[in-house]
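To start, I am sharing the structure in question, which I have written as structure tokens.
The values are calculated or read from the model by the stated rules, or taken from the named source; none is laboratory data. As the structure is a computational prediction, the values presented were derived from the model and not from experiment. Here the Cβ is made from the backbone with ideal geometry for all residues, glycine too, and neighbour counts use every protein chain on show.
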Amino acid sequence: MRSTALTCVIADDHPAVVDAISRYLDHHGIDVVDQAREGDEALAKIEGWNPDVALIDLKMPGLDGVEVIRRARRSAPSTASVVYTAHADTPLVDEALDAGARGLVLKAAPLPDLVRALEVVATGSVYIDAVLAAGLAGRRAGGAPELSKREREILRLLSHGNTNEEIGRELFISPETVRTHVRRAIAKLDARTRTQAVATALRHGLIT
């Protein structure tokens, strides 16, 4: 259990969106320490604050959201990047996953879902909006890798926004055992992160 509020930087070029989200998050225990309206500014503020989470729109002036995520992963590795997008079916979502995004949230999603997403990724887990997950599953690829039943169960629960601790309680295993299965699944799926592993499993129809 965290003893302090999560810190967050919001990057979006729509001031009304940023202001409304900032007020909501501040009211729900997430400290919005700064805001950015374009990509270069967003990267500078993420690097300056090193917040727990960064909420990043994919389309901004200057650096786009994918490039902000890619660079922030190197220069502020302790910050978990969450994509905040209006587009449910776009190659940019795949690019953001490849760049290192840990969460995907649609702007049409209820704001409590956004709070949940930020809380989940801050624990090191994964959050993929259900609509985006359905879109990923709709682009299935051939040649599916072999995953064990337990690995598929765990990736499925990760895709639903469960933390390691929550998965452990549901499956009656320890959080460390959950992490071990996730590491094995990442290797089998040739992924770099657990978010990529979940997305790959969705694309191959290994989880729903």
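For the stretch 185-193, indicate whether the set of residues that are assigned to a helix (DSSP H, G or I), touching a residue at least 60 places away in the same chain (Cβ under 8 Å), closer than 15 Å to Leu104 by Cβ and β-branched (Val, Ile, Thr) is non-empty. Give the derivation first.
Just the residues of the stretch 185-193 that are assigned to a helix (DSSP H, G or I), to begin with: 185-188.
If we keep only those that are touching a residue at least 60 places away in the same chain (Cβ under 8 Å) too, we end up with none.
No, that holds for no residue.
Exactly one of (1) surrounded by fewer than 23 Cβ atoms within 10 Å (Cβ to Cβ); (2) closer than 15 Å to Leu202 by Cα; (3) under 11 Å from the mean Cα position of the chain (by Cα) is unmet by Ser159. Its number?
It is condition (1) that Ser159 fails.
Filter the stretch 73-126 for residues that are of a type in the set (A, V, I, L, M), over 24 Å from Asn50 (Cβ atoms) and in contact (Cβ under 8 Å) with a residue 40 or more places away in the chain and give the result.
So the first thing to find is which residues in the stretch 73-126 are of a type in the set (A, V, I, L, M), and the list is 76, 80, 82-83, 86, 88, 92-93, 96-97, 99, 101, 104-106, 108-109, 111, 114-115, 117-118, 120-122, 126.
Restricting the remaining residues to those that are over 24 Å from Asn50 (Cβ atoms) gives 86, 88, 92-93, 106, 108-109, 111.
Within the stretch 73-126, Ala88, Val93, Leu111 meet the criteria.
So, of the residues in the stretch 144-177 that are in contact with an Asp or Glu (Cβ under 8 Å, 6 or more places away or on another chain) and part of a helix (DSSP H, G or I), which turns out to be nearest to Val83 (Cα to Cα)?
Checked the stretch 144-177; the qualifying residue nearest to Val83 (Cα to Cα) is Leu157.
If you take just the strands (runs of 3 or more DSSP E) that sit entirely in the stretch 15-112, which of them hold at least 2 residues that are under 14 Å from the mean Cα position of the chain (by Cα)?
Passing ranges, in order: 53-56, 80-85, 103-106.
Mind telling me which of the residues Leu58, Leu25, Leu97 ends up being at pLDDT below 95, closer than 27 Å to Glu166 by Cα and not assigned by TED's automatic domain parsing to the domain that holds Asn162? Please lay out each step first, then the result.
On the way: Leu58 fails: closer than 27 Å to Glu166 by Cα; Leu25 fails: at pLDDT below 95.
Matching residue, one of Leu58, Leu25, Leu97: Leu97.
Taking the stretch 100-136 as the search range and keeping residues that are under 11 Å from Gly161 (Cβ atoms) and touching a Phe, Trp or Tyr at 6+ places or on another chain (Cβ under 6 Å), which one is surrounded by the fewest Cβ atoms within 10 Å (Cβ to Cβ)?
Only one residue fits best here, namely Val105.
For the stretch 168-183: of the residues being among the basic types (Lys, Arg) and either closer than 17 Å to Ser148 by Cα or touching a Phe, Trp or Tyr at 6+ places or on another chain (Cβ under 9 Å) (or both), which is surrounded by the most Cβ atoms within 10 Å (Cβ to Cβ)? Before you say what the answer is, go through the steps one by one.
From the stretch 168-183, those among the basic types (Lys, Arg) are 169, 179, 183; that's our starting set.
Now narrow it down to the ones that are either closer than 17 Å to Ser148 by Cα or touching a Phe, Trp or Tyr at 6+ places or on another chain (Cβ under 9 Å) (or both): 179, 183.
Details: Arg179: 16, Arg183: 12.
Across the stretch 168-183, the extreme among qualifying residues is Arg179.
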